[in-house]
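What follows is a short report on a single structure.
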Amino acid sequence: MPALLTTTRVVIDWLRRLPVSTDLGIALLVALALFFVYLPRLERAGLHSNAWLGGDCYYYQRTIASLWVDGDLDMSNNIGDTNPLNRQLAASYDNRFVPKHNLLLPVVSLPFWVLWGNPGLLAFNIVQLLALMIVVFFLNRLCYSPATAAGMMFVCGTATLFYDYSYNYSPDIFASLLLLGGLLLVARRRFNSAAVVLGLSVFAKIPNALFSAIILGYACWLIATDPPPSAQPEPPWSRRRIRRAGAMAVAYALGLLPLAVTNWWLFGAPWITSYQRAAIGRTPAGAFILDNHVHDFQQPFWHGLWRLLSDDTKGIVDTNWVLCTAILGLLCIKVVREKKLLLTAGLICLAQLVFYAKYNDWNMSHYSNRFLMPLVCLAMLGTGALVECVLRALQRDSTNRSD
């Protein structure tokens, strides 16, 4: 414990010396606190046990091995005794087993695996999780005080499903980081950078195409309504605004380009994804029998929505009770500075619920619902409104008493 305290003091002193803004310094301090919260959990669960490499994680790790060791994406010699026709691999246009899951996560995390092996992927997971929590801080900071934003960041990292997913190699954390990072960039009016990041978020998770479209709509809203740089009045769709929106569209296309090229290379066309070519069998002639994940959205809507919310082990509310405060936060919307951001966040949350309510495999998570990670992060904006309202009330009461 003395060594831990000494290390903490050294790190805090180092952060204070950095030429960073106050907000970034606060976010880094909260990230440091979260790291020390996660570390005991990682040690208890076992840093070298590989228990966190279950489910899809195994196939992401095997994709890295195929890339680094074999220099290809032929997965037939990388999965050991695992059945290659279990719907977890895709069939390429030239009849090879190739990864079904996205390639961006393995490529980005490959250096961690090369340096430290499987524990390196666990380290990468902590890095991406802390980065996502920092994005949560800055989204809240656009709306609330530094104290509220810091509180929401810490609560999101400890009182929701993210605490459990600190011991994982999570593609959903990665996809959420890109999606919400794009939202943050839009809210900061960095439209072209945001569009590229949002395009990459689709590469990381195909359903992000729907949610990124909402964010791009938010960007167009800002472009059309933000005050012009000069004092002269400007119509919502002036040439300057149209050029700005056009540049953003081009940037989004650039962000989608890696996905299109990969699809063309592996499956013969930019619009054919791996999830349309999941291998489940072979014909007597040796051709693949394919399963299309597009057909997996057959669950009755209202039944599926109820299960998404209230299932005992996978329901997003039952496993993340702090989200209930987000609903109460809607009563305090007057304290929110960026109301357009809050509305966009609400639309994304609603779209996620509607989309996954129809999904047959909605419960394919080891805990809670990993598909709804963006919803959990964005719900902190609603909780932040409630906290900000309470803090302001306490401040007014303290001021009245002092008078």
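Read-outs throughout are calculated quantities, based only on the coordinates presented, and are distinct from any laboratory measurement. Fair warning: this is a prediction, and the values are worked out from it, not measured in the lab. Here the Cβ positions follow ideal geometry from the backbone for every residue, glycine too, while neighbour counts run over all protein chains shown.
Peptides 163-173, 39-49 ranked from most to least packed by the mean count of surrounding Cβ atoms within 10 Å: 163-173, 39-49.
Taking a straight line from the alpha carbon of K340, these aspartates and glutamates sit under 15 Å away, with near neighbours fewer than eight places off in the same chain left out: D226. Computed from the Kirkwood radius of its Cα pairs, the Stokes-Einstein diffusion coefficient for the chain at 4 °C and 1.567 mPa s stands at 57 µm²/s. Among F267, F355, sorting on how many other beta-carbon atoms sit within 10 Å of each Cβ, with the fewest leading, yields F355, F267. Would you mind pulling out the separation of the Cα centroids of the range 264-325 and the range 326-380, in Å? Computed from Cα coordinates, the inter-centre distance equals 19 Å. Judged by a Cβ-Cβ distance under 4.7 Å, the unpaired cysteines of the chain are C57, C143, C156, C220, C324, C349, C377. For K334, a cut-off of 16 angstrom between C-alpha atoms picks up these aspartates and glutamates, skipping any fewer than 8 places away in its own chain: E388.
In order along the range 364-370, the Karplus-derived 3J(HN,Hα) couplings, from 6.51 cos²θ - 1.76 cosθ + 1.60 at θ = phi - 60°, round to 7, 9, 6, 7, 6, 9, 5 Hz, and Gly and Pro are given as x.
Counted by neighbouring Cβ atoms within 10 Å, the residues R141, R239 run from fewest to most as R239, R141. Peptides 252-259, 377-384 ranked from most to least packed, by the mean per-residue count of other Cβ atoms within 10 Å: 377-384, 252-259. By the rule of a C-alpha distance below 29 Å, with chain neighbours fewer than 8 residues away ignored, the lysines paired with K339 are K205. Estimated purely from DSSP H runs of n ≥ 4, each contributing -39500 (n - 2.57), the mean residue ellipticity at 222 nm for the chain is -20500 deg cm²/dmol once divided by its residues.
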